[in-house]
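Input: a single structure, listed below in C-alpha cells.
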Amino acid sequence: MALLHVEFFSEVLGMCTSMDVILPQQTHGQIGMEGIAVEGQYKTMYLLHGMSDNQTIWQRRTSIERYVSKLGIAVVMPTTYLGFYTDTTYGMNYWKFISEELPQICREFFPRMSTRREDTLAAGLSMGGYGAWKLGLRASDTFGAAASLSGALDIVDDFKRNEHESPHMVPIFNGIFGSAQQLEGSDNDLLKLADDLASAQQRPRLYAWCGTEDFLYQGNLKAWDHIKKLGYDLTCEQSTGDHQWKYWDEKIQDVLRWWLKIDMDLT
C-alpha cells in the first residue's frame, strides 16, 4: 500500500486542509504484509473521524492500512475538525466540502478512484458515524453505502441530552446546528433525511454497530428502528462494548466485509 499525506486548498472552506490517502500497491517483499493492486478503477472508502480527532486517527488507533492491503481499494481520511460534517451556523461549509468538493478533488488527484456510487462507501465512528450516514442519506448519488460505528445517529436527542448533562457542549452545538428546534426536522436530522429518501429508488445500503454500554446506544436503537420501518437495506449489530477504539478496530473489518460482500480474514 501507499500512504499519502495530502495538504491542499479548499475553495469551499477558504483555507488549506488535510487528508491522508491509502492507495493499492502490488507488493511481495514487505515483511509481514502483502499488498495487491487491481485493474481498472479503485473502490473507495471515505473514512471519517470523531469529535476529538483528525485525519490521522484511523492510522494511529487501528491497522486500517493492513486490513485493506489485500482488498485493492483506496481509503480517503479527511479532516473536518469539530464541524459535524455540517454547514455550520458560523459559516464553515463542512457539508458542502465533504459531500461535493472532496470527492471531486480526490477523483482529480487520483483518477483511478471510481466515480460509481456502488464503488463508494462513507464510514466513520461517533461524529464520523453521523457524517457517514448523512452522506449516504443526503448524497446518495455519490455514496452507495454508509457505515456507522457508535454513531451519533439521533443527533436531536444528543443535542437535547447535552443541554442537561453536558452544558459546556451547548455553545458548540449551537455554533454548528443552531438551536435544538432548528436542528429537528432539518437537513442535518438523519431521521428526517431517511424519511425524505424513503420513496426514492436510489437508496444507500446502511450498516451500523454500537456497543450496549455506549452512551449513544439508545439513540442507535431509535434510529435503527426508524430506518427498518422505512424499508432500507440495513444491517445493524450490537455487542458488549462502550465508546473506545478496541471495538472500532475490530468492527471496521466487519464494515469492509459487509461492503465488499466477502468473507475473509483481514488481519
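As a rough guide to protection, the peptides 139-151, 111-123 ranked by mean Cβ packing within 10 Å, highest first, stand as 139-151, 111-123. Please state the Cα pair-distance histogram of region 118-166 with 5 angstrom bins from zero: what percent is in each bin? For region 118-166, the binned pair fractions read 6, 25, 23, 19, 13, 7, 4, 2, 0 percent. Taking only the Cα atoms of region 161-267, the radius of gyration and Dmax are 16.3, 46 Å.
Mean sequence separation of contacting Cα pairs (under 8 Å, at least six apart), scaled by the length of the chain, corresponds to a relative contact order of 16 percent.
Taking a straight Cα-Cα cut-off under 25 Å and skipping sequence neighbours fewer than 8 places away in the same chain, the lysines within cross-link reach of Lys70 are Lys43, Lys246, Lys251, Lys261.
Per residue, how much space in cubic angstrom lies within the convex hull of the C-alpha atoms of region 91-245?
Values: hull volume 18.9 nm³, N = 155.
Convex hull of Cα atoms, per residue: 122 Å³.
Determine the distance separating the Cα centre of region 233-253 from the Cα centre of region 59-76; give it in Å without decimals. Cα centres, region 233-253 to region 59-76: 17 Å. All distinct Cα pairs of region 1-95 go into the 1/r average, and the inverse of that average, the Kirkwood radius, is 14.6 Å. Using only the C-alpha atoms, the convex hull of region 142-185 corresponds to 100 Å³ per residue.
Against the chain, whose longest principal axis comes from its Cα atoms, helix 127-138 is set at around 90 degrees.
Each value in this text was obtained by applying a stated rule to the coordinates, not by laboratory testing. Bear in mind that the values here come from a model prediction, so they are computed numbers and not experimental data. Positions of Cβ are generated from backbone atoms using ideal geometry, with glycine treated the same way; all protein chains shown enter the neighbour counts.
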